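One structure is given below, encoded as structure tokens.
The values are calculated or read from the model by the stated rules, or taken from the named source; none is laboratory data. None of the values given here were measured: they were computed from a predicted structure. When we count neighbours, we look across all protein chains shown, and the Cβ atoms used for this are built from the backbone with ideal geometry, even at glycine. When the accessible area is computed, the model is the full protein with side chains, heavy atoms only, and any ligands, DNA or RNA have been set aside. Shrake-Rupley method; radii C 1.70, N 1.55, O 1.52, S 1.80 Å.
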Amino acid sequence: MRIVVATRNRGKLEELAVMLGPLGVDVRSLEDYPHVPEVVEDGKTFAENAVKKAREVAGATGEIALADDSGLEVDCLGGAPGVHSARFAGEGKDDRANNEKLIRLMEGVPREKRGACFKCVVALAVPEGRVYTAEGACRGIIGDKPRGNGGFGYDPLFIVPDLGKTFAELDMDVKNAVSHRGKAFARAREIIAGLAAGREGR
Ligand code: IMP
């Protein structure tokens, strides 16, 4: 069975190829399908964006497509930055600018009101039209200054209370075991295994 991952990011593709390797799936990316246009992420929810990307790529390639969308929802900011997580500080701004904006907005907010949740939705679309989704969430606390050098995005500000560490202070395998993305992909793997079994049986 072949799956096209809706990304042109080689790092993301390699991570997924490792994860799906044991299922015997042939993992491709949009690098292998240069004619497929960039999908505009204009949905109001992570699910809308993930489903839109997976559907469009399945339609354009005729293959099963996998897409994910993720971000951070901060309680005291009414769920912001949410689907705007990547460009919170503005188009073309980087992770550091996004983190600085978050620190600034939360200045003086007491610890008990600094709750936040990372969310991830993975969508799998088959070319015949059906779409399956898998979700994962991870709750934490937003720190008042960055800690740790690992990871990416908001990792240095996101404290996992049970571990007393930020995502940026955790080894990748520990982060994956508790993270929104790790949980969503564990569920997606089960869906893929089911799809593979179904296709073999045809
Ligand atoms: P996307 O799912 O690739 O669109 O990512 C959206 C944005 O959410 C990223 O650019 C990060 O700012 C943020 N984000 C998503 N997952 C994580 C994570 O595991 N750690 C830190 N930031 C994340």
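Values for this structure:
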{"read-out": "Surface share of carbon and sulfur [accessible, 1.4 angstrom probe, percent] for the stretch 42-91", "value": "49 percent"}
{"read-out": "Of 57, 46, 4, farthest towards positive along the dipole that unit charges on Lys, Arg, Asp, Glu beta carbons give the chain", "value": "46"}
{"read-out": "Alpha-carbon centroids, the stretch 85-133 and the stretch 149-202: separation in whole Å", "value": "15 Å"}
{"read-out": "Residue order for 35, 84, 180 - accessible surface, 1.4 angstrom probe, largest first", "value": "35, 84, 180"}
{"read-out": "Overall dimensions of the stretch 1-110 as given by Cα atoms, namely Rg and Dmax in Å", "value": "16.7, 52"}
{"read-out": "Under 16 Å from the Cα of residue 175 - lysines, other chains or at least 8 residues apart", "value": "12, 119, 165, 183"}
{"read-out": "Sequence ranges 116-126, 37-47, ranked by mean other-Cβ count within 10 angstrom, highest first", "value": "116-126, 37-47"}
{"read-out": "Length-normalised contact order of the stretch 2-200 in % [C-alpha pairs under 8 Å, at least 6 apart]", "value": "17 percent"}
{"read-out": "Stokes-Einstein diffusion coefficient of the stretch 58-168, Kirkwood radius over Cα pairs, 20 °C, 1.002 mPa s, in µm²/s", "value": "141 µm²/s"}
{"read-out": "Whole-number percent relative contact order across the stretch 52-162, with pairs defined as alpha carbons under 8 Å at least 6 apart", "value": "28 percent"}
{"read-out": "Viscosity 0.692 mPa s, 37 °C: Kirkwood-radius Stokes-Einstein D of the chain over Cα pairs, µm²/s", "value": "185 µm²/s"}
{"read-out": "The chain - mean residue ellipticity at 222 nm from DSSP helices (-39,500 (n - 2.57) per run, n ≥ 4, rounded to 500)", "value": "-10500 deg cm²/dmol"}
{"read-out": "For the chain, built as a Gaussian network whose Cα springs stay under 10 Å, the top-fluctuating residue of 56, 135, 112", "value": "112"}
